[in-house]
1. How big is the Kirkwood radius of region 23-76, worked out from every pair of different alpha carbons and given in Å to one decimal?
2. Apply the Karplus curve 6.51 cos²θ - 1.76 cosθ + 1.60, θ = phi - 60°, to the phi angles in region 35-48 and return the couplings in whole Hz, x for Gly and Pro.
3. Please give the contour-minus-distance gain from residue 55 to residue 73: 0.36 nm per residue of separation, less the Cα-Cα distance, rounded to one decimal in nm.
4. Need the full-extension length gain, residue 35 to residue 82, defined as separation in residues times 0.36 nm minus the C-alpha distance. One decimal, nm.
Amino acid sequence: MMSADIPPDKTNWPPDKMSQQRCPSPYLDIEEAADRLKLSFHTLNKWRHEGRGPVFRDHGRRIVYHVDDLDHWSESHKRQKARPYGNQDSDESSASLTNERGEND
């Protein structure tokens, strides 16, 4: 080995494992993706099978989600107003419980 290959400061030679760590992967497994979205593992898994959830990738036998896809999916589900709660047509639903003579079933 030539002296030019070894850094002048030999205290950091060879490099320690911390300096060799790779960047964190942008891909999350199902459990990590569910945690990021604050969903249960089962909900995210069910939505994937129904085609309702965020875009996923099949890496061999592993299902993974890219963080950008999760964030995009979450952004696309922003709402200004909540969905209607319960039955809005209360007059229609009570009318269906009344028979022809005006009596409740």
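1. Its Kirkwood hydrodynamic radius stands at 11.1 Å.
2. 5, 4, 8, 6, 10, 7, 3, 5, 5, 5, 5, 5, 4, 4
3. In short, 5.7 nm is gained.
4. Roughly 14.6 nm would be gained on extension.
Every read-out reported here was derived from the displayed coordinates using simple, explicitly stated rules and does not represent laboratory data. Values in this document were obtained by computation on a predicted structure and should not be read as measured data.
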